[in-house]
Amino acid sequence: MAPSGTNARTVAWELLLPAVAAPQRGRGRALQSALRDAVRSGRLTAGTRLPSSRELAADLRVSRGLVTEAYEQLTAEGYLRSGRGAGTWVGGATRAAALPARDLAPRAPVASADFRPGTPDLSLFPRTAWAAAHKAVLARLPHHVLGYPDPRGLPELRTALAALLARRRGVAADPERLIVCSGVAQAMTLLGFVLHGRGLRTVGLEDPGSPEHAALFASAGLGAVPLPLDESGLDPSQLGRSGVRAVVTTPAHQFPTGIAYSAERRAELLDWARSVAGFVVEDDYDGDFRYDRAPVGALQGLDPERVVYTGSVSKSLAPGLRLGWLVAPRELLDELVERKRTMDLGNPALDQAVLADFVQGGGYDRQLRRCQRAYRERRDTLVAALAEHFPGTEVSGIAAGLHIIARLPARYGPEDAFVRRAAGAGVALRTLAECGAAGRGWSAAADGSVRLVMGYAQLTPAEIVRGVRTLAGAAGRGTGGAAR
């Protein structure tokens with residue numbers, strides 16, 4: 001039921017009075033905006049008769065012409081309707097405003113300890129150094145750089161990244177073949193569209209492997225073929241029988257098993273790619289973080305024409321920056337660049353310029369050293385805490401990255417019951433089986449042992465110790481005694 005004229009007059013007065021406090025030159029626009037918002041929000045509903053311009057002007061102590069102009073403008077826009085001698089009414093074309101925008105960013109459920117992998121410590125983001133780089137870049141950035149960029153990325157960033165990747169990861173990185181992307185996710189999707197355009201309909205994925213890869217390639221129309229791993233990497237016999245001509249790998253530190261591909265397996269993988277005129281897609285997601293020795297160089301350096309190399313700053317700086325890269329074989333370059341151009345016309349120029357300054361000024365190397373020290377300490381803390389509270393636990397994989405594989409003895413199983421008890425105690429976990437572990441020996445063992453993929457980067461050493469202690473308490477309740 002529409003408000004009466006008297007009620008509408010009261011509502012209008014309450015909503016519009018603040019607008020007339022605006023400076024005189026902007027008072028008309030403020031009045032129109034306030035009246036428009038009142039209709040959009042539903043405070044003045046469809047069918048409501050508004051006070052006459054003379055009455056409202058008197059109430060608000062403004063000129064009648066100001067109110068008349070506001071009524072006429074909103075009538076022209078469709079918010080109000082009027083007729084000669086019939087007054088002014090709220091029109092029926094509007095609908096109440098939508099609810100406030102929701103935040104659909106992935107958020108971890110509240111937990112006393114979250115050991116799920118994949119998240120770096122965002123508190124390590126170098127705010128002061130990044131702000132200084134941002135200020136310096138803004139002061140000197142030529143105006144033309146703020147136009148549409150080269151779809152591959154700013155030349156100075158591509159040059160800086162090529163030198164960085166060659167020095168730290170052994171990548172054969174020609175700046176002309178490096179494409180700046182919105183993280184590895186966009187690099188994979190971009191590549192998927194190009195491969196689909198070349199007639200491919202499937203792509204091989206490591207099993208177990210990153211759960212996100214299948215969805216990214218599916219968005220480009222490519223089906224996923226799971227390929228089993230052994231202790232050295234992808235099984236070459238299974239790869240040869242699969243019929244795929246492109247395969248995604250994490251050879252420096254496989255996710256989630258934590259193995260590094262052996263030299264023999266790396267050579268076999270490249271031999272396969274050459275034999276089928278195919279491509280190996282190298283996701284070097286955490287290749288900079290090795291704690292027991294220098295990191296193994298990128299596979300791409302052995303054959304730049306058969307390996308598509310991808311990486312990002314998501315683990316070293318922050319995933320919210322959405323900055324990554326793809327180093328393309330010459331055969332795919334033009335198609336990838338054209339697809340990138342039509343996809344988004346390039347990444348934000350200012351963000352690229354800041355990252356270039358950060359890399360060239362040595363800030364990125366300092367950040368990597370800082371993260372490496374922190375993450376090495378946290379890995380050591382987690383391994384020691386598991387040894388103390390879960391005797392007999394086996395930690396597999398190389399000392400690298402942001403996660404470990406922990407195999408707890410069978411007395412703590414079965415696995416699903418263990419995870420339920422952990423959740424009940426407020427400890428979030430991910431099992432190896434959740435990563436699609438159909439490959440031989442990687443899923444939960446038949447003896448009932450518990451196979452966990454445990455992330456540690458996002459937790460302080462004290463939080464790691466406290467979390468493992470809580471987990472042990474929950475496990476002890478399930479086994480009928482102390483978990484020691």
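What residue, among those in region 32-64 that are among the small types (Gly, Ala, Ser) and part of a helix (DSSP H, G or I), is surrounded by the most Cβ atoms within 10 Å (Cβ to Cβ)?
Checking each candidate, the answer is Ala38.
Among the residues of region 195-220, what is the count of those that are more than 21 Å from the chain's Cα centre (by Cα) and farther than 21 Å from His403 by Cβ?
Qualifying residue count for the region: 10.
Pairs only if they're at least six apart or on different chains, beta carbon under 6 angstrom, first in region 213-230 and of a type in the set (A, V, I, L, M), second in a loop (DSSP other than H, G, I, E, B) and open to solvent by less than 40 Å² (accessible area, probe 1.4 Å); list them, first residue then second.
So the pair list comes out as Val225/Val244; Leu229/Gly439.
Would you point out the residue of region 1-31, among those that are open to solvent by 70 Å² or more (accessible area, probe 1.4 Å) and not in a helix (DSSP H, G or I), that is modelled with the lowest pLDDT?
Met1
Hey, which of the helices (runs of 4 or more DSSP H) in region 122-224, taking only ones fully inside, have at least 3 residues that are touching a Ser or Thr at 6+ places or on another chain (Cβ under 8 Å)?
183-197
Could you please give the count of residues in region 156-200 that are more than 16 Å from Leu326 (Cβ to Cβ) and of a type in the set (Asp, Glu)?
Summing the residues that are more than 16 Å from Leu326 (Cβ to Cβ) and of a type in the set (Asp, Glu) in region 156-200 gives 1.
Note down all Cβ pairs under 7 Å where the first residue falls in region 141-160 and is more than 16 Å from Asp357 (Cβ to Cβ) and in contact (Cβ under 8 Å) with a residue 24 or more places away in the chain, the second is open to solvent by 20 Å² or more (accessible area, probe 1.4 Å) and assigned to a helix (DSSP H, G or I), and they're at least six residues apart or on different chains.
As it stands, the answer is Pro151/Val337; Pro151/Arg341; Arg152/Val337, since those pairs meet every condition given.
Answer yes or no as to whether Tyr291 is surrounded by fewer than 20 Cβ atoms within 10 Å (Cβ to Cβ), under 26 Å from the mean Cα position of the chain (by Cα) and not β-branched (Val, Ile, Thr).
yes
The values are calculated or read from the model by the stated rules, or taken from the named source; none is laboratory data. Predicted, not measured: the structure shown is a model, and the values here were computed from it. Cβ atoms come from the backbone with ideal geometry, glycine included; neighbour counts cover every protein chain shown. Surface areas here come from the heavy atoms of the whole protein model, side chains and all, with no ligands, DNA or RNA. Shrake-Rupley method; radii C 1.70, N 1.55, O 1.52, S 1.80 Å.
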